[in-house]
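Structure, as structure tokens:
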Amino acid sequence: MYNTVIFDLDDTLIDNFQNVKNAFKEVLKYRNEEYTEEKFKNFFELDKEFWSKRAKGEIVDPIKFDSIQKKTEWIRAKRFLIYFNDEISYEEAVRINDLYIDALSYNIVPIEGAFDIVRYLNEKKYKIIVATNGPILAIKSKLKACKIDEYVDFIFSAEEAGHMKPRKEFFEGLFKKIGSSDTSKMIIIGDELEKDIKGGIDNNIDTCWFNRKFKNRYTDEQIKMYPHKYEITRLEELKEIL
């Protein structure tokens with residue numbers, strides 16, 4: 001019997017695609033560049049690939065940073081250095097990232113049913129956790145904008161852990177924060193097999209894959225690599241599980 005529900009945030013509770021598009025437009029406005037769908041597509045694909053490689057350990061820190069904040073700054077600035085093909089300085093990449101993160105904090109679009117399911121689970125007395133690789137500032141703004149914040153017991157980010165999902169260190173930090181490591185009572189819900197579902201599997205947490213609108217982004221072979229316990233296509237389907 002579960003008592004703790006761990007939600008991913010982007011593309012699980014929040015429509016990350018629209019949110020990123022709005023933030024990217026602000027970056028181009030700052031750069032005095034015209035927005036095009038092609039530019040956004042290139043950035044969106046680069047961003048997804050960047051975080052996927054980072055989660056797999058393929059993008060490593062160039063030095064040992066003296067704080068998690070400095071490490072986070074480098075990681076987030078790095079993707080803009082890549083996108084702009086090293087035509088900007090590191091300092092400019094940091095400024096652009098700060099602007100981008102700030103822009104993620106508004107024009108928030110929730111996933112259909114997000115508010116209703118979180119409130120439902122709160123009324124059922126589940127402990128609700130939001131655990132994400134996203135920036136902590138944006139997490140708080142997104143939850144508040146969708147009026148979900150009052151129902152969430154804990155939020156936890158990769159910034160706090162110094163590591164991303166699915167790394168074991170991420171989940172160790174999460175367990176420490178919520179004061180429990182009894183994974184038999186937990187279930188994790190997320191859209192990314194290689195991060196959310198793998199993280200659950202590796203840490204003995206039951207998993208629920210939110211296979212929403214990107215059904216074709218994984219091959220059958222990839223799906224078999226991450227044997228999840230449940231699968232849903234709409235958040236309201238969680239009522240049949242919890």
Inset, instruction - Give me the pairs, please: first residue somewhere in region 147-162 and more than 28 Å from residue 70 (Cβ to Cβ), second residue anywhere and charged (D, E, K, R) and part of a strand (DSSP E or B), beta-carbon distance under 7 Å, and either six or more positions apart or on two chains. - result: 153/127
Inset, instruction - Filter region 96-136 down to residues that are farther than 16 Å from residue 27 by Cβ and modelled with pLDDT under 95, then give me how many there are. - result: 9
Inset, instruction - Assess whether residue 65 counts as being outside the structural domain of residue 144 (by TED's automatic domain parsing), under 28 Å from residue 194 (Cα atoms) and within 17 Å of the chain's Cα centre (by Cα). - result: no
Legend entry - Given (1) surrounded by fewer than 22 Cβ atoms within 10 Å (Cβ to Cβ); (2) assigned to a helix (DSSP H, G or I), number of the condition residue 199 does not satisfy: (1)
Legend entry - strands (runs of 3 or more DSSP E) fully within region 83-190 counting 2 or more residues that are surrounded by 20 or more Cβ atoms within 10 Å (Cβ to Cβ), among the aliphatic types (A, V, I, L, M) and out of contact with any Pro (no Cβ under 8 Å at 6 or more places or on another chain): 127-132, 186-190
Inset, instruction - Restrict the check to region 209-221 and report whether at least one residue is crowded, with 19+ Cβ neighbours inside 10 Å and part of a loop (DSSP other than H, G, I, E, B). - result: no
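The values are calculated or read from the model by the stated rules, or taken from the named source; none is laboratory data. Every value quoted in this text rests on a predicted model; they were computed, and no experiment measured them. Note that each Cβ is placed from the backbone with ideal geometry, even for glycine, and that neighbours are counted across all protein chains shown.
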